[in-house]
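The values are calculated or read from the model by the stated rules, or taken from the named source; none is laboratory data. Keep in mind that this is a model prediction, so the values were computed, not measured. Cβ sites come from the backbone with ideal geometry, for glycine too, and all protein chains shown count toward neighbours.
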Amino acid sequence: MIEKLENLKAEFEALEGRLGDPELVKDQNRYREAMQRYSELKAIIDVYRQYASVLAGLEEATELLEDSELSEVAAEEIAVLEPKKLVLEAELERLLLPKDPFDDKNVVVEIRAAAGGDEASLFTAEVLSMYLKYAESLGFKTELLDSHPNSLGGLTKVSFEITGRGAYSKFKFESGVHRVQRVPQTETQGRIHTSTVTVAVLPEAEDVDVNLSPNDYRVDVFRSSGPGGQSVNTTDSAVRITYKAGTTEEIVVSCQDGKSQIKNKEKALTVLRARLLERERTKMAAEAREARLVQIGTGERSEKIRTYNFPQSRVTDHRIGYSTRNLSEVMLGSLEAFTTALTLAEQSRRLDEMAAPSAPGVETHQTQAGGTA
């Protein structure tokens, strides 16, 4: 580990010197890439410098153990520094874990009402609001792509885009079945019902990620029924794209919440590329016997990654057993505690797998907290 850290330190110091180069600053793309790498390395090097300082202190204190007059002080110093060393080692191991290549990408989020009828559609609208507020708190931009409201003010399904560096890293753990337990607005007997919605979080795919030809899909336009305003509902601005190449099953994507047909088409293609990328990732994961990618299941009540219990004001993430009784704040977008806990659980699991010796002929595969519940 020390050798790798020394190499990263040399890279960091070289990069630090280059950032003031006028030629680099002129090229904004290269400069952004350099600044991104600088930020990544700085987090590691800051901890490494603390670690090196602790190691030096331990070495000096160990030598002083031979001195009868200073041995007691040296032993006390060692007792203080040893725990610090272990903490910093663990932090460095975490920082040196390979980064998810999709973490910095924008995302497309799709939410669908599953089991529970009207109550599920009402909760779908609330989950949408929760995510929009969480994204806003993180400084991300959001844009509604496609929505299907019902007469009660709920949504049978909705999709939206989150734009901002690191969006996938913050939302990837939300994929799966979300279960709500409460007395529905439509319930006259005061009984608690259980309903579910499914969430899919898809990293946005670029042209280099997915090779998509116009010959692979069909584009249809139609009149929007969404809440986009009068002009939306009186022109054929909505777009439906049907992907049909190389598969027996069709993938259908619609986008109707924008007023421009051209923009709706662009957004629909964005969603299609994201779905195709996720399908390929899921296929590769299955072949490798990994379970770390998005699997939203069938939406049955028994399947869940998280439960929102309104009578007890409690939210529980079943993947890691994390609970909070601050449900009202969670529904207002306070999801950072869940994101942090799930990220740490993922990192801990990956570290355990890296440390565990593999049996002969058996591969060790990494998993993360965003997998199947």
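Here are some notes:
- Qualifying residue in segment 124-133 (condition: outside any helix (DSSP H, G or I) and assigned by TED's automatic domain parsing to the domain that holds His178): no
- Close pairs (7 angstrom Cβ cut-off, 6 or more residues apart or separate chains): acidic (Asp, Glu) in segment 39-68, modelled with pLDDT under 95 and not in a helix (DSSP H, G or I) anywhere: none
- Pairs are defined by a Cβ separation below 6 Å, a sequence spacing of at least 6 or placement on different chains, a first member in segment 96-119 that is on the phi > 0 side of the Ramachandran plot, and a second member that is surrounded by fewer than 21 Cβ atoms within 10 Å (Cβ to Cβ); no pair meets this definition.
- Counting only residues that are assigned to a loop (DSSP other than H, G, I, E, B) and either out of contact with any Lys or Arg (no Cβ under 9 Å at 6 or more places or on another chain) or in contact (Cβ under 8 Å) with a residue 40 or more places away in the chain (or both), segment 140-180 holds 9 of them.
- Residue in segment 107-122 that is nearest to Ala274 (Cα to Cα), counting only those that are touching a Phe, Trp or Tyr at 6+ places or on another chain (Cβ under 8 Å) and of a type outside the set (Val, Ile, Thr): Ala113
- Residue list for segment 317-326, restricted to those being outside any strand (DSSP E or B) and buried (at least 18 other Cβ atoms within 10 Å of the Cβ): Arg319, Ile320
- Residue within segment 25-38 that is charged (D, E, K, R) and at pLDDT 90 or above present: no
- Matching residues, segment 70-87, being surrounded by fewer than 15 Cβ atoms within 10 Å (Cβ to Cβ) and touching a helix residue (DSSP H, G or I) at 6+ places or on another chain (Cβ under 6 Å): Leu70
- Helices (runs of 4 or more DSSP H) wholly inside segment 1-113 containing at least 3 residues that are in contact with a strand residue (DSSP E or B) (Cβ under 6 Å, 6 or more places away or on another chain), within 30 Å of Thr156 (Cα to Cα) and polar (S, T, N, Q): none
- Condition check for Lys133: basic (Lys, Arg), touching a Gly at 6+ places or on another chain (Cβ under 7 Å) and in contact (Cβ under 8 Å) with a residue 40 or more places away in the chain: yes
- Of the residues making up segment 226-264, not one is farther than 19 Å from Lys157 by Cα, basic (Lys, Arg) and modelled with pLDDT of 85 or more.
- Filter result for Lys157 (surrounded by fewer than 21 Cβ atoms within 10 Å (Cβ to Cβ) and within 19 Å of the chain's Cα centre (by Cα)): no
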